[in-house]
Amino acid sequence: MNVRGINLELFEYAGAERRSWDSPPGAAGSFCLLFQTPNPDRVIARLYNENATVRPIEHPINGYEVALPSGIHLAIQHKPVERLLGAVALGRYDFAKAQHELTSTLAFGQDEAITAFGATGYLFSSKHGLPLAVLHGSSPSPRPANSDVGGHHVAFHADDVDQAVNFFRSITGYSTLGEPETITDGPIAGDRWVYLNSPFGLQLEIINMPDGALPYEKDAAALRTPIAIGAFS
């Protein structure tokens, strides 16, 4: 899905190992979307018709906290510029480690302070791609696996997936989950990817989707944001 410039992937898993977590949004291990807009009430008027659970918020930022029927949590905040952000919440130790890794190994800059669902943190951005909000989780919670309900990961584009893998394997704390794989059939044939564990408790993905060459693009009414600009999943 292309959600206001963010490439958001939704997965459905089946099998005995799939688990459900009751972690509240803002707890360590959770994920939410943060929508900043000059007119939160306009957005809320539509969500009421979608059977969403809506909670008004006045402090520290005026807006709403929303639980969508899909299970996705959405923080809508009053800001002068409209944008949508992905936000991950980490425990205290992982949050401090993420600050270090994002600003050193991954070459992000630490920008403005961010708050959502009772958790505070920072927005991290780089010269390429979309910014990522990282929150200091408000309470401890087990991190869901990718195949669990509520599972999530962050994807980064690489011009050369194999070269990127070699780079991360040379750094303590990063480990790949198998070898890079190229999808050979179906709507995203040509996609090369691999999952990666990080030293700060967040699963990453290194991915290369050749723009304009994926089979689904031929007849699709909507296209993803070019992967070289940014991807969040």
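Report the residues of the range 183-203 in range of a label on Ser175: point 7 Å along Cα→C-beta, backbone N strictly under 20 Å from it.
Counting backbone N atoms under 20 Å from the label point, the list is 194-203.
Based on the Cβ-Cβ distance from Tyr93 to Asn62, what FRET efficiency comes out when R0 is 22 Å, to the nearest 0.05? List each step's numbers first, then the result.
Details: r = 32 Å, r/R0 = 1.46.
Approximately 0.10, to the nearest 0.05.
Heavy atoms only, probe 1.4 Å: what % of the accessible area of the range 34-75 goes to carbon and sulfur, would you let me know?
Values: 1240 of 2560 Å².
Roughly 48 percent, rounded to a whole number.
Starting from the Cα-Cα distance between Ala145 and Asp159, subtract it from 0.36 nm times their residue separation and give me the gain in nm to one decimal. List each step's numbers first, then the result.
On the way: separation 14, 0.36 × 14 = 5.04 nm, distance 2.70 nm.
Extra length from Ala145 to Asp159 when fully extended: 2.3 nm.
List the residues whose amide H sits under 5 Å from the amide H of Leu130, counting only those 5 or more places along or on another chain, with H placed 1.01 Å from N in the peptide plane.
Answer set, sorted by chain and number: Ala231.
Heavy atoms only, probe 1.4 Å: what % of the accessible area of the range 97-219 goes to carbon and sulfur, would you let me know?
On the way: 3050 of 5830 Å².
Carbon-and-sulfur percentage of accessible area, whole number: 52.
Is the range 85-156 rounded, prolate or oblate when judged by the Cα gyration tensor, a ≥ b ≥ c being the square roots of its eigenvalues, rounded requiring a/c under 1.5 and prolate requiring a/b larger than b/c?
Numbers: a/c = 1.66, a/b = 1.33, b/c = 1.25.
Here the range 85-156 falls in the prolate category.
Which residue, Lys97, Lys218, Lys79, has the most motion in a Gaussian network model of the chain that connects Cα atoms within less than 10 Å?
Greatest mean-square fluctuation among the candidates belongs to Lys218.
Taking springs between alpha-carbon atoms closer than 10 angstrom, which of Glu205, Glu17, Glu179 fluctuates most in the Gaussian network model of the chain?
With Cα springs under 10 Å in the chain, the top fluctuation among Glu205, Glu17, Glu179 is at Glu17.
Rank these residues by their accessible area, most exposed first, probe 1.4 Å: Phe167, Phe200. Before the final figure, lay out the partial values.
Working: Phe167 95, Phe200 5 Å².
Listed by decreasing accessible area, they come as Phe167, Phe200.
State whether the range 82-127 is rounded, prolate or oblate according to the following rule on the C-alpha gyration tensor (a ≥ b ≥ c being the square roots of its eigenvalues): a/c under 1.5 gives rounded; otherwise a/b larger than b/c gives prolate, and the remaining case gives oblate. List each step's numbers first, then the result.
On the way: a/c = 2.25, a/b = 1.11, b/c = 2.02.
It comes out oblate by the Cα gyration axes.
Measuring from centroid to centroid over Cα atoms, what is the spacing of the range 89-131 and the range 1-62 in Å?
19
With springs only between Cα atoms under 10 Å apart, run a GNM on the chain and tell me which of Asp185, Asp159, Asp111 wobbles the most.
Result for the chain, Cα springs under 10 Å: Asp185 fluctuates most.
Between Ala107 and Tyr48, what FRET efficiency follows from the Cβ-Cβ distance if R0 is 35 Å, with the result rounded to 0.05? Write down the numbers at each step before the final one.
Numbers: r = 42 Å, r/R0 = 1.19.
It comes out at approximately 0.25.
Using the crude model of +1 on Lys and Arg Cβ and -1 on Asp and Glu Cβ, and no other charge, please compute the dipole size for the chain relative to its Cα centre, in debye to 20. Mind showing how you got there, number by number?
Numbers: 16 positive and 25 negative charges, 123 e Å.
So the dipole magnitude of the chain works out to roughly 600 debye.
Rounded to the nearest 500, what is the 222 nm mean residue ellipticity of the chain from helices alone, with -39500 (n - 2.57) per DSSP H run of 4+ residues and division by all residues? Kindly include the intermediate steps, with their values, before the conclusion.
Values: 3 runs with 30 residues, N = 233.
That calculation yields -4000 deg cm²/dmol at 222 nm.
Take every DSSP beta bridge with both residues inside the range 72-230 and express the antiparallel ones as a percent of the total, to the nearest 5.
Details: 21 of 30 bridges.
Of all bridge pairs located within the range 72-230, approximately 70 percent are antiparallel.
Can you give me the solvent accessible area of Phe156 with a 1.4 Å probe, rounded to the nearest 10 Å²?
Near enough 40 Å² of accessible area.
Mind checking the per residue accessible area of the range 20-123 for me, 1.4 Å probe, whole number of Å²?
Details: 5330 Å² over 104 residues.
Accessible area per residue: 51 Å².
Determine the order of His100, His59 by accessible area, beginning with the largest, at a probe radius of 1.4 Å.
Details: His100 100, His59 155 Å².
Largest accessible area first, the list is His59, His100.
The values are calculated or read from the model by the stated rules, or taken from the named source; none is laboratory data. Bear in mind that the values here come from a model prediction, so they are computed numbers and not experimental data. Using ideal geometry, Cβ is built from the backbone for each residue, glycine included, and neighbour counts are taken over all protein chains shown. Protein only, heavy atoms only, side chains kept; ligands, DNA and RNA dropped before computing areas. Shrake-Rupley method; radii C 1.70, N 1.55, O 1.52, S 1.80 Å.
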